[in-house]
1. Looking only at segment 1-26, count every residue that is buried (at least 17 other Cβ atoms within 10 Å of the Cβ) and either basic (Lys, Arg) or assigned to a strand (DSSP E or B) (or both) and tell me the total.
2. Counting just the residues of segment 39-64 that are exposed (fewer than 15 other Cβ atoms within 10 Å of the Cβ) and among the β-branched types (Val, Ile, Thr), which one comes out farthest from residue 6 (Cα to Cα)?
3. Among the residues of segment 44-61, is any in contact with a helix residue (DSSP H, G or I) (Cβ under 9 Å, 6 or more places away or on another chain) and at pLDDT below 90?
4. Please tell me if residue 28 is free of Cβ contacts under 8 Å to residues at least 24 places away in the same chain and of a type in the set (S, T, N, Q).
5. Does at least one position in segment 8-23 carry a residue that is in contact with a Gly (Cβ under 6 Å, 6 or more places away or on another chain) and touching a residue at least 24 places away in the same chain (Cβ under 8 Å)?
Amino acid sequence: LELRDPNGLAVLAMIMCLTPGTAWGELSFDRSTLLIHVFDLIDEEQFVKNVKQRYERPLLEIFQ
């Protein structure tokens, strides 16, 4: 993750937990990785790319 603001990270974690197909999320201790349990993952690389573009990028603009 590029996002480092604690509030932005909390929002990202909440958004991911509410995204259809995900069950839970956990932020790593160093705040560099969001661990997400995803059901029926087809393309991991594309999923990561989508999360970064759709969710993390706008939060970066807001919180940093």
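The values are calculated or read from the model by the stated rules, or taken from the named source; none is laboratory data. Every value quoted in this text rests on a predicted model; they were computed, and no experiment measured them. Note that each Cβ is placed from the backbone with ideal geometry, even for glycine, and that neighbours are counted across all protein chains shown.
1. Selection size over segment 1-26: 2.
2. Within segment 39-64, the match that is farthest from residue 6 (Cα to Cα) is 42.
3. Within segment 44-61, none of the residues are in contact with a helix residue (DSSP H, G or I) (Cβ under 9 Å, 6 or more places away or on another chain) and at pLDDT below 90.
4. yes
5. yes
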